[in-house]
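The values are calculated or read from the model by the stated rules, or taken from the named source; none is laboratory data. Just so we're clear, the structure is a prediction, and the values are computed from it rather than from any experiment. FYI the Cβ positions are ideal-geometry reconstructions off the backbone, even for glycines, and counts take in every protein chain you see.
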Amino acid sequence: MSSTLERLLEEELRLANKHLPYRKISLREALSRERPEMILRDGSRHMLDRKELNLLRGLLGDDRDLELPIIIYYLGRGVYMVSGRENVAIISKILGKERSSESDRVYLSRPEVIDLRMILRTTTTIVFAPQAVGE
Amino acid sequence: MSQKDLQRYQEDVKFISGPCEKGGSVEVSIGPQVRPTKTELLRLKRELRLATKVKDVLSERLLVLTNELMARIKEAKLVRRKLYQELRGACLKYLFLRSYYGSGLASAIKRGVVPLEIDEYVENLLGVKIPILKVGLEDYAALERVGLEDYAKDLARLLDSLSELIRAENAIKLIMAEIWKTRRKVNALDYVVIPRLKSNIKKISMKFDEREREEKARLKQVKAMLGEER
């Protein structure tokens, strides 16, 4: 039987990623909606900024699509990672990073994430990976 | 010190200094009593592992929230600079127009000839819910009709920047509050929960060691007595 302290601690771990959405939406779908909102795991709604959506559409071109929000994984010790070819292409363009055409992941440092979050405030989100943090 | 406190203190001293009976409990300096059993030791060790993990996660969350705060401060600075520039331009234009049209322009805006559009929604930044109120010009046809299209566009831009600044500064306040809350949790784990668990584990382990030593001494004594009998 778990104690109160254990239950409290487990709850804290569970709440660490409550800001993630239940379901990702595509950029095309978000742009077609009047109110580009999504429902998060804690039941709240999160609005995507239309300016950011237009910026992403401009960078990506009309023929390609993207799943939103772009997830930035926190790997611990100030290292962040974004995976997925389209995501990597967008992040590299925004931050002006050089990348090889085959790479499907990009590692980011703390100042880069600050710059990125300044530009893509609502269309990116940071995930805490406890297993990575605890290592 | 009241009589009640004195009595409690005496009981505590008696408990700590007195020998611990087998099957009794070990008193720690702060916190509840713990029974010196193997199950309790395993439970405490599991809790310690969990508490350390939560502390690590919360510390990392604190770092990420601080990053977010830095981003929002940087953004608020830029938006405020932009707002001041737009405000200067719009004010100059307004003064010029007022000198030309008289006070009719201001009263027309006050009467609601130029309706405002207000949108309310929530943004969730790393679990921090930020309520947003976006104000804009719903329809500025009335201003366009009298040839004030440029002024209407300036006003729309100004309101947009103002909404952005309110959002950014509100986000700073709410993220700060979340940082304080998280820091308190980290400190509670770091300075209270984890040391208390470690202390309890140490006390139970010491109690086990003591029992083992007692058992060894008893066995030696029995062996000696048996040797004497032979």
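Summary of values
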quantity	calculated
Criterion (within 18 Å of A:F128 (Cα to Cα), β-branched (V, I, T) and within 15 Å of the chain's Cα centre (by Cα)) met by exactly one of A:I25, A:I114	A:I114
Any chance B:L189 is of a type in the set (A, V, I, L, M), modelled with pLDDT of 85 or more and within 30 Å of B:E47 (Cβ to Cβ)	yes
Selection status of A:S32, exposed (fewer than 14 other Cβ atoms within 10 Å of the Cβ), of a type in the set (S, T, N, Q) and modelled with pLDDT of 80 or more	yes
Strands (runs of 3 or more DSSP E) contained entirely in the stretch A:66-113, each with at least 2 residues that are within 22 Å of A:N17 (Cα to Cα) and in contact with a Phe, Trp or Tyr (Cβ under 6 Å, 6 or more places away or on another chain)	A:70-76, A:79-83
Residue in the stretch A:44-63 that is farthest from the other protein chains (Cβ to nearest Cβ), counting only those that are over 15 Å from A:T122 (Cβ atoms) and modelled with pLDDT under 85	A:D63
Residue list for the stretch A:46-64, restricted to those being exposed (fewer than 15 other Cβ atoms within 10 Å of the Cβ) and outside any helix (DSSP H, G or I)	A:G61, A:D62, A:D63, A:R64
Criterion (over 30 Å from B:L133 (Cα atoms), more than 10 Å from chain B (Cβ to nearest Cβ) and free of Cβ contacts under 8 Å to residues at least 40 places away in the same chain) met by exactly one of A:S32, A:S3, A:S103	A:S103
